[in-house]
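The values are calculated or read from the model by the stated rules, or taken from the named source; none is laboratory data. These figures come from a predicted structure and were not determined experimentally. Please note: Cβ atoms are built from the backbone with ideal geometry, for glycine as well, and neighbour counts cover all protein chains shown.
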Amino acid sequence: MSGLLEGDGSVSFYIRKLKNGVFVANVNEKVKEEAIKIAKKLREDGVSCQVDLMNRSLTKELEYVNSLGIPYTDIVGSKELKENKVMLRDMKEKIINLKNVCFY
């Protein structure tokens, strides 16, 4: 993620420049409240974001994010919250030649 921490040194600085912002996904019901707080803070920082309120599985949330074309997802999980972190996932997919994956 080169250039991600330019500007004021925050991820939100970079994400503010994106048209579709970021999606805040929660891995389970236990962390949903924290995911909502994170989304609120991102919005206060000027970041356009969405958060799942439909209690979908993480897989379904990520499918939804892809269908919307949102480039980044903050994944909020119990383990990450204990460490005061979230996982930032770049939602880009690439198709590469098989020879670049392994010695075929």
For this session: Would you check if there is a residue in the range 23-46 being at pLDDT below 90, among the aliphatic types (A, V, I, L, M), farther than 17 Å from residue 84 by Cβ and under 15 Å from the mean Cα position of the chain (by Cα)?
Result: no
For this session: Output the residue which, of all residues in the range 26-44 that are of a type in the set (D, E, K, R) and touching a residue at least 40 places away in the same chain (Cβ under 8 Å), is nearest to residue 74 (Cα to Cα).
Result: 34
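A quick yes/no check of all residues on (1) farther than 19 Å from residue 33 by Cα; (2) touching a residue at least 12 places away in the same chain (Cβ under 8 Å); (3) of a type in the set (Ser, Thr, Tyr); (4) in a strand (DSSP E or B):
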site	(1), (2), (3), (4)
46	yes, yes, no, no
62	no, yes, no, no
66	yes, yes, no, no
73	no, yes, yes, yes
